[in-house]
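Novice: Attaching a single structure in structure tokens format; questions to follow.
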Amino acid sequence: MGFRHQFEFAFFAVNVFFCLSLFMNAIYAKFKGCKKPSAVWRGVVALSAVALLSGCAGLPHGDDDASYTAATADVPFHVQGRFSVSYEEKAFAARFDWQHAPESDTIEIISPLGSTYALLTRSGKTVTVQRGSDSQRTQQVDDWETLAGQTFGFPLPVTSLSYWIRGVPAPGTSTVVTRDAVGRFDSLRQQGWAVQYSYATAAHEPERIDIQYGETVRLRFRIDRRL
């Protein structure tokens with residue numbers, strides 16, 4: 001819930017408490033035989049309002065929060081860096097160069113020696129993988145997850161990753177998030193994946209992203225450049 005929403009809710013809660021106090025005092029004034037509301041009861045009402053506010057601040061961010069909606073917009077980016085994957089007893093490490101736009105992607109996976117391990121591309125709903133530098137070793141599939149599964153051996157959610165790598169949740173799915181002291185996304189959980197962010201001082205986008213699915217899949221992305 002955004003700060004503006006929390007402020008409005010706090011104002012509402014204070015007014016409710018004030019009105020309840022006036023109402024109870026009015027009843028006491030009209031019916032002298034009634035016991036005057038105690039300080040304990042008024043304290044319970046106040047604590048209830050505080051509890052409501054605390055619960056509201058800890059809820060997952062939703063589409064009604066303007067800042068959350070703006071953060072999860074699909075925007076172009078170009079990032080370069082390194083990543084490592086461990087899956088069951090397998091491990092893989094490489095560099096990557098990822099150019100993203102809402103309707104297209106180009107992801108080059110580069111071996112530690114500098115050669116192209118795979119080139120993954122998307123145009124609209126068509127996704128393609130070219131293995132190595134041989135254009136004849138090309139395959140088309142219907143979605144990113146299938147392509148990533150065939151390339152890496154497990155169904156990596158590339159569509160969601162295009163948001164996670166920017167430090168924001170993917171839209172359209174249930175999300176639990178936490179923020180750090182300056183309002184940046186610190187961690188999130190979506191689709192069974194747990195994502196943890198690390199930032200350089202004063203940076204708005206993460207320099208390291210740790211992603212885990214249960215105890216079977218672990219990924220780490222280190223961002224070297226955002227172009």
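The values are calculated or read from the model by the stated rules, or taken from the named source; none is laboratory data. Treat the numbers as computed from the prediction; the structure is a model and nothing was measured. Ideal geometry is used to build each Cβ from the backbone, glycine not excepted, and the neighbour counts take in all protein chains shown. With ligands, DNA and RNA removed, areas are computed over all heavy atoms of the protein, side chains included. Shrake-Rupley method; radii C 1.70, N 1.55, O 1.52, S 1.80 Å.
Novice: Please work out the average accessible area per residue across the stretch 127-227, using the 1.4 Å probe convention, and give it in Å².
Specialist: Computed with neighbouring chains in place, this is 51 Å² per residue.
Novice: For a Förster distance of 41 Å, can you work out the FRET efficiency between the beta-carbons of K125 and A202, rounded to the nearest 0.05?
Specialist: The calculated FRET efficiency here is 0.60.
Novice: Please report the orientation-averaged projected area of the stretch 138-182, defined via the convex hull of its C-alpha atoms, in nm². Could you put the intermediate results ahead of the total?
Specialist: On the way: hull surface 17.9 nm².
So the mean shadow area of the Cα hull is 4.5 nm².
Novice: Using 1/(1 + (r/R0)^6) with R0 = 45 angstrom and r between the beta carbons of S104 and E215, what's the FRET efficiency to the nearest 0.05?
Specialist: Rounded to the nearest 0.05, the efficiency is 0.85.
Novice: Okay, moving on. For the stretch 165-226, give the percent of accessible area contributed by carbon and sulfur heavy atoms, probe 1.4 Å, rounded to a whole number.
Specialist: 47
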